[in-house]
Ligand SMILES: Cc1ncc(C[n+]2csc(CCOP(=O)(O)OP(=O)(O)O)c2C)c(N)n1
Ligand SMILES: [Mg+2]
């Protein structure tokens, strides 16, 4: 995939003053405002500053050494030579109270799909069209699988409704060598990487075609082939995994990063904070992508934290961080594209807070009408639909038409329905599979459990589902 900035020299110069910037972590370079880190230094992959790539950790005080390097050193009684770095003294008795204004949100497209600036990473035409097709396919899959759960054909489902741009645009900005550590609302990343509709259906129906051999809940996908770690819905446990894996990529000098997705709720766990700090200190090449969709099941963000969202937490931990409009595919693509380059070429973590809205229920086990107003949902579904917005942009580029739309929606629907029909008729894995794949030689407790299960089935055969081979 050719990724490049389509800017003339003049525009490139302008980029230095435009708003797509990652907030640097706290630094003495910037006593009041975070330094803005723009993408003009990453013109193309061929000119990546590979020689700058750091494999060894940088001592912490180097981040804070500008007092020494910016001109003459201050007088010794004006500073404290603290182990974590030199700190200036002040006579002001003042508590930090947070920024006066909330951190701005980077966007490229307005609500009508019209570019508000040309400060974005241009995408190949073919890639743009594939992005849109995958967004529609994801939407279609979600609608039909959700209905299949309602019909009792599968036991559980979780949609990415309203978060299609985060799913697909972030995936498009990565390479398949990059390892993905998902939460559970990122099926689109796997779709982008080539996991087929049949693969999705097989997993949801827990049949023999499922990589997980039917041992996981539906929608808990995983694929070695696609470098996509199996979904763990124990909230936020994937974040430390992603950081550790990123550190290992760095040790192996691999030209790849990891990405982990998590919700606003995920950031209300200890795992998030531990992982973020570990990533910062160990300078792990990981992209921490928070889908701040306003809700953690029925808990709104206002009841979760008092900080200005998630972006400031990255900043507080010394991690390059940016807030983007998660319903703007071009903004998400640009941010992830740049974050990847920074993560790999500079061996550093990058945090992205994508503002969006969970337009569906939390899962099929939830009814969100019980705790949020219908008008709020409707506004996001209609006025902020990321799929419709990207379509308008594509149409403006003469890359999409009404006819193409009709054909795509029609074929996506048929393909999803077909995949479900096939999956439903594939045999389930045998009972034995419950006990395999963890231990080379099953320990005695597992052998006892299997024996006990088989005896129970013999005693109560009528309770055992006939479609699961013994
Ligand atoms: C450790 C843990 N605690 C609680 C839960 C129950 N739970 C499942 S999803 C969820 C909310 C997560 O919200 P968020 O991270 O914002 O993701 P979203 O569903 O909004 O995409 C909770 C509390 C869980 N699965 N794991
Ligand atoms: Mg959430």
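Values in this text are rule-based calculations from the coordinates and carry no lab data. Since this is a predicted model, take the numbers as computed values, not measurements. Neighbour counts are summed over all protein chains in view; Cβ atoms, including those assigned to glycine, are modelled from backbone coordinates with ideal geometry.
Apply 1/(1 + (r/R0)^6) to the Cβ-Cβ distance of residue 307 and residue 468, taking R0 = 45 Å, and write down the FRET efficiency to the nearest 0.05.
Plugging the Cβ-Cβ distance into 1/(1 + (r/R0)^6) gives 0.40.
Using alpha-carbon positions, what is the distance between the centroids of the stretch 197-252 and the stretch 349-384, in Å?
24
Going by a ≥ b ≥ c, the root eigenvalues of the Cα gyration tensor, does the stretch 194-302 fall in the rounded group (a/c under 1.5), the prolate group (a/b larger than b/c) or the oblate group?
Oblate shape, in that a/c is at least 1.5 and b/c is the bigger or equal ratio.
How do 75, 361 rank when sorted from fewest to most other Cβ atoms within 10 Å of their own Cβ?
Starting with the residue having the fewest Cβ neighbours, the order is 75, 361.
When a footprinting reagent is the concern and you count Cβ atoms within 10 Å, what order do 291, 391, 102, 358 take, fewest first?
102, 391, 358, 291
Can you pull the one-decimal nm distance between simple spin-label points at residue 153 and residue 399, each 7 Å off the Cα toward Cβ?
3.3
Can you work out the FRET efficiency for the pair residue 118 and residue 375, with r the C-beta to C-beta distance and R0 = 35 Å, to the nearest 0.05?
Computed FRET efficiency for residue 118 and residue 375 comes out at 0.50.
Between the stretch 89-164 and the stretch 407-470, what is the separation of their alpha carbon centroids in Å?
Cα centroid to Cα centroid, the span is 35 Å.
Highest mean first, how do 419-426, 206-213, 344-351 rank when packing is the count of other Cβ atoms within 10 Å averaged over residues?
344-351, 206-213, 419-426
Classify the stretch 125-424 as rounded, prolate or oblate, taking a ≥ b ≥ c as the square roots of the eigenvalues of its Cα gyration tensor: rounded when a/c is under 1.5, otherwise prolate if a/b is larger than b/c and oblate if not.
On the way: a/c = 1.35, a/b = 1.33, b/c = 1.02.
Rounded, because the longest to shortest axis ratio a/c is under 1.5.
Can you give me the distance in nm between label points at residue 80 and residue 366, each placed 7 Å from the Cα along the Cα-to-Cβ direction?
4.3
Please rank 257, 105, 204, fewest neighbouring Cβ atoms within 10 Å first, as an exposure proxy.
105, 204, 257
Provide, in order from the shortest bin, the percent of all Cα-Cα pairs of the stretch 134-241 in each 5 Å bin, continuing until the bin that contains the maximum pair distance.
Taking every Cα pair in the stretch 134-241, the percentages come to 2, 13, 24, 27, 22, 10, 2, 0.
Ranked from highest to lowest mean number of other Cβ atoms within 10 Å per residue, what is the order of the peptides 369-378, 265-274, 437-446? Write out the running numbers ahead of the final one.
On the way: 369-378: 11.4, 265-274: 18.7, 437-446: 9.2.
For the peptides 369-378, 265-274, 437-446, the packing ranking is 265-274, 369-378, 437-446.
Could you tell me the calculated FRET efficiency between residue 441 and residue 91, based on Cβ-Cβ distance and R0 = 56 angstrom, to the nearest 0.05?
0.20
For residue 102 and residue 143 in one chain, what is 0.36 nm times their gap in residues minus the Cα-Cα distance, to one decimal in nm? Write out the running numbers ahead of the final one.
Details: separation 41, 0.36 × 41 = 14.76 nm, distance 3.52 nm.
Working it through step by step, the gained length comes to 11.2 nm.
Please report the base-10 log of the normalised intensity I(q)/I(0) for the stretch 81-180, using a Debye sum with one equal scatterer per alpha carbon and no solvent, at each q in 0.22 (1/Å).
Summing over Cα pairs of the stretch 81-180 leads to -1.26.
Over the stretch 125-424, what is the relative contact order in whole percent, taking alpha-carbon pairs under 8 Å and six or more residues apart?
Values: 567 pairs, mean separation 72.1, N = 300.
Once normalised by length, the contact order is 24 percent.
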